[in-house]
Every structure is written in C-alpha cells, then in structure tokens.
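These notes are about the structure you will find just below.
The values are calculated or read from the model by the stated rules, or taken from the named source; none is laboratory data. In this text, all values refer to a predicted model and were calculated from it rather than measured experimentally. Glycine also receives a Cβ, built like all others from the backbone with ideal geometry; neighbour counts cover every protein chain displayed. Remember, those area values only see protein heavy atoms, side chains included, never the ligands or the DNA or RNA. Shrake-Rupley method; radii C 1.70, N 1.55, O 1.52, S 1.80 Å.
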Amino acid sequence: MNAAERYLTDHQDRFVDELLDFLRIPSISALPAHAGDVARAAGWVAARLVSAGLEHVQVIPTAGHPVVIGDWLHAPGKPTVMIYGHFDVQPVDPLHLWSSPPFEPAVRDGRVYARGASDDKGNMLAPILAIEALLQAEGALPVNLRVCFEGQEEIGSPQIPAFVAEHRAQLACDVVISADGGQWSESEPIILLGLRGGCGVQIDIRGAATDLHSGMYGGVIQNPIHALTALLATMRAPDGRILVEGFTDAVRPLSEADRAAIAAVPFDEGEYRAAIDVPALFGEPGFTPYERGWVRPTLEINGIWGGFQGDGIKTVLPNEAHAKITCRLVPDQDPTQIVQLLIDHVQRHAPPGVTTTVTPLRFTARPYLMPADHWVNQEVSAVLRELYGREPYHIRAGGSIPICMVLLEHLGVYTASFGFGLEDEGAHAPDEFFRLSSFAFGQRAYVALLRRLGARTA
Ligand SMILES: [Zn+2]
C-alpha cells in the first residue's frame, strides 16, 4: 500500500463524518428559499478544498448559484486534469416517503441516507479526499489539477455556459473528469461515451374565433383537433419511424464495433418490462432497445390538449388544439437544424381550413460523443479493469448532461465520467443513499486514476 492509500484508510472515519456534515446543508438549487444554503455548501466545498491543499480556491458568484474553483499546477510536463461535480441537490418532497429526515444523514447497514448522498455530494467529495491523500501523504499530485464544482446542475446549469466562457483561462485543461456519475453495478464498471441532445416545438392550431355548436357547424368547417392529429400522424409512422423529411440525414451510421459494444451490455427484456410495467417494448424496427434508447433519435409528443374534457358530453366544435413535441438527438444532428426541419414539415403538412403555427421550445442541447479510444478513456478503462477485474461496458445515455457539450465547445476538451453511484441509490427520489463502501472505493479509484494520468506526458 502506498502512502496515499494508507492515508485514506487511516482517515476514513473522519472522511465519513465530513460527508455527513456536507449532507446536512440543504443546498436545494431549485428553491429560492434555499439559495443561502447553496451558497453555504459552496463555502463548505471551498474550505474543504483549501484544507485538502488546493490553491487559488475561489467561490465565484454567477447570476444564479456560485461556482467553486481551485487548482494545483506544479507538475510540469504532465497533463492538466479538471475534476467536475455539483454540490446542489434536488428537492426532497414527498417528505413522508423518507425513512429519516433528508438533511439529517443517517447511517444504516453501511449506507448513508440523505438527499444528495449519491447525487452528487458523496461522489464529488471522493476526488477531493483523494487529492488530500496525495498532497498530504506524498507532497505532490501526479498531474496538474483544476477543480470546478457548481451549484446549479439540478436546475440545468443556466449560468454555466456564460461562466465557462468568461473563465476560460482559469478552467483551461486537457481533459475533464466528472465525479457526477456511476457504474453499472457493484461488480460491473462502465465507460460513458455519449449523451443524446434535444430540441422541441409547440404546435398550435386555430379554427373559428370561438368554440361552435357541432350540430350547426359540424361537417362544414375543419375541427382543429382532427387537423392536429392528422398533422401529428405525418410525423411518426405507426411502427415508430420518424417521417419528418431530412430528420435522420445527419445521423452518423452505427459501426459494427458500436453495435457490438452495445450488444455486450446486459439486457433482460422481461425485467426491463416488469420494472416499468409495460405490456411490450416498442420502437423503430431494425434496432435493439439500447440502440433505440442511446444512439437513435426520437420524436415524442409530450402533451396534447384542446376541446371538452369535463364529465358527460358537450357537442362542441372546439376552436383550438395544441401539442408539445420534443426530440432526442444523436451525433451529428444539430438542434437548430432539426427545429427548422420540424417547422418546414409542419408548414408543408399544414391541414386545410385552420391556421397552424409552430414555435421552437426553449430546449436545445447538442448530442455528445467521446471517442472510445480517447487517451483518457484508455486510462479510465485500465483503472476500472484493475479495480473490478473485468472490462467496462461501453455505454451511452439517452438523456443530456449539458455541461459536457459546454466544456467541449468552450474549452475544446472532452469529459470522462468517473463516479461510483449505483442505480438503486434513489437519486432524485426519497431515501436517497450512498454506499460507504463506494465512498471509500471512489477515493482509492481517484488516487489510482490520477497516478495513471500522471504517467502520461502532456
Ligand atoms: Zn448529479
């Protein structure tokens, strides 16, 4: 055992106490009443970074919640690595479903129960402790290091693009390691390569100036709800294929290697169906469920409204109908271009006898894909192989983590995910917990990863 590893073992009780302290701060970014708590969490993180031995630690205000940065840049010729995480947490309701109060962390059976335990306080504290162990026990880090911890991830990081653009010099690095993530299971590691992007539109259809009597006008004028459903049916085929002209033109074809990597990820259709209680899976022909969920684009109607919805009947001819549609996008689709294709499609298929308008929604995220053979993925894979004794699955995620694209666009660097949360830990849900074994494991894993990255030259 090296000095840093021994330091981690010797100080584990203190580290757990510190995690509990951190978890007592109700840093809910979504609720304005907790803005002071988010700021308090930022201060806690900054103080913890200073005591770990990092330099130039600052809490930087934004128009929203603050960001904490710091660095240690004394490894000439070595790569500069930035560690990312977030100290804000999700709201806690419904409170009655918690077995113990969400901000009074409780340790039961080797797990700490509290809001933010897994997402992301336990995960983001692990690299800080790894850094402390290396600096205190060995006097130096194997790489140049920066940290960037934000307090607004759970509300979509609204001020982060501007923050990154304004602080390019203080964030400059060769690669980002995100401590906001997880593994497949306690025994199966993953490399997260890609995230889908997204965009959306709202469609509004108007007929007459007011609702009308269906006996007097029915059959004589167009019904906006029928017009809307006819229009929507032109956008996606009954078998799930997207019919919007040009929609999939930019989709990068899947290589045999991509398909093989996805096929290697365990999938049990029965379990999957049972977990969400659906009678059958559904999706674009010719693709497996993971392919549909990770590397194929989607077009989904998220909401549709109009007309009479009360008890009984109302023989009315409604005068308006509406739908909200969002898409998940994959490389190399561009959200702005896709929104234009949706607008063109709606205009081309606009039903007669009504007025159709289509408006972009305030939701755009570009898809993200990190090369599987990127040098950092090679090192992350090597560490995971050593720690787990098996090859990591190469997975992608169906959702979006906007910070990854922000860092790629503004700093030109990829973000590799290196976290130790597990899916059963109730992130965003009641009784969120983090395994203390994962907490300690994550610290050792970060020491191992930093050592490996330090064996590289910049
Ligand atoms: Zn998170």
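Take Ile262 and tell me if it is among the aliphatic types (A, V, I, L, M), modelled with pLDDT under 95 and not assigned by TED's automatic domain parsing to the domain that holds Ile338. No.
Out of all the residues in region 263-279, is one or more open to solvent by 30 Å² or more (accessible area, probe 1.4 Å), in contact (Cβ under 8 Å) with a residue 40 or more places away in the chain, of a type in the set (Lys, Arg) and more than 16 Å from Gly194 (Cβ to Cβ)? No, the conditions are met nowhere in region 263-279. Hey, could you check region 154-164 for residues that are in contact with a helix residue (DSSP H, G or I) (Cβ under 7 Å, 6 or more places away or on another chain) and in a helix (DSSP H, G or I) and say which is nearest to Glu55 (Cα to Cα)? Going through the qualifying residues, I end up with Val164.
Among the residues of region 333-350, are any under 25 Å from the mean Cα position of the chain (by Cα) and at pLDDT below 95? Checking region 333-350: not a single residue is under 25 Å from the mean Cα position of the chain (by Cα) and at pLDDT below 95. Listed by first and then second residue, the pairs with beta-carbon distance under 7 Å, at least 6 apart or on different chains, first residue in region 368-387 and among the basic types (Lys, Arg), second outside any helix (DSSP H, G or I), are Arg385/Glu391. Identification of strands (runs of 3 or more DSSP E) wholly contained in region 362-458 with 3 or more residues that are more than 16 Å from the ligand (Cβ to nearest atom) yields 393-397. When Val244 is tested against the conditions (1) in contact (Cβ under 8 Å) with a residue 24 or more places away in the chain; (2) among the aliphatic types (A, V, I, L, M); (3) outside any loop (DSSP other than H, G, I, E, B), the lone failure is (3).
Count of region 149-180 residues, restricted to those that are open to solvent by 20 Å² or more (accessible area, probe 1.4 Å) and within 14 Å of the ligand (Cβ to nearest atom), is 5. Answer yes or no: is there a residue in region 184-191 that is open to solvent by 70 Å² or more (accessible area, probe 1.4 Å), without any contact (Cβ under 8 Å) to a residue 60 or more places away in the chain and not basic (Lys, Arg). Within region 184-191, not a single residue is open to solvent by 70 Å² or more (accessible area, probe 1.4 Å), without any contact (Cβ under 8 Å) to a residue 60 or more places away in the chain and not basic (Lys, Arg). Taking the conditions exactly as written (touching a strand residue (DSSP E or B) at 6+ places or on another chain (Cβ under 9 Å), open to solvent by 10 Å² or more (accessible area, probe 1.4 Å), over 20 Å from Ser381 (Cα atoms) and of a type in the set (A, V, I, L, M, F, W, C)), does Leu407 satisfy them or not? Here the answer is no, as Leu407 does not meet what is asked.
When region 192-218 is filtered for residues that are open to solvent by less than 30 Å² (accessible area, probe 1.4 Å) and either away from the ligand (no atom under 16 Å from the Cβ) or over 22 Å from the mean Cα position of the chain (by Cα) (or both), the ones remaining, listed by number, are Leu193, Gly194, Arg196, Gly197, Gly198, Cys199, Gly200, Val201, Ile203, Asp204, Ile205.
Filtered by the rule that a residue be buried (at least 19 other Cβ atoms within 10 Å of the Cβ) and in contact with a helix residue (DSSP H, G or I) (Cβ under 9 Å, 6 or more places away or on another chain), region 23-43 gives Leu23, Ile25, Pro26, Ser27, Ile28, Ser29, Ala41. Screening Pro352 with (1) in contact (Cβ under 8 Å) with a residue 40 or more places away in the chain; (2) open to solvent by 30 Å² or more (accessible area, probe 1.4 Å); (3) out of contact with any strand residue (DSSP E or B) (no Cβ under 7 Å at 6 or more places or on another chain); (4) over 30 Å from Ala227 (Cβ atoms) gives one miss only, at (4).
Checked against the criterion of being surrounded by fewer than 24 Cβ atoms within 10 Å (Cβ to Cβ) and in contact with a helix residue (DSSP H, G or I) (Cβ under 8 Å, 6 or more places away or on another chain), region 111-123 contains one or more residues that satisfy it. Could you please let me know if Ala140 is away from the ligand (no atom under 12 Å from the Cβ), at pLDDT 95 or above and surrounded by 24 or more Cβ atoms within 10 Å (Cβ to Cβ)? Considered against the rule, which asks whether it is away from the ligand (no atom under 12 Å from the Cβ), at pLDDT 95 or above and surrounded by 24 or more Cβ atoms within 10 Å (Cβ to Cβ), Ala140 comes out as no. All of Leu387, Leu369, Leu422 fail the test of being under 21 Å from Lys121 (Cα atoms), open to solvent by 20 Å² or more (accessible area, probe 1.4 Å) and at pLDDT 95 or above, apart from Leu422.
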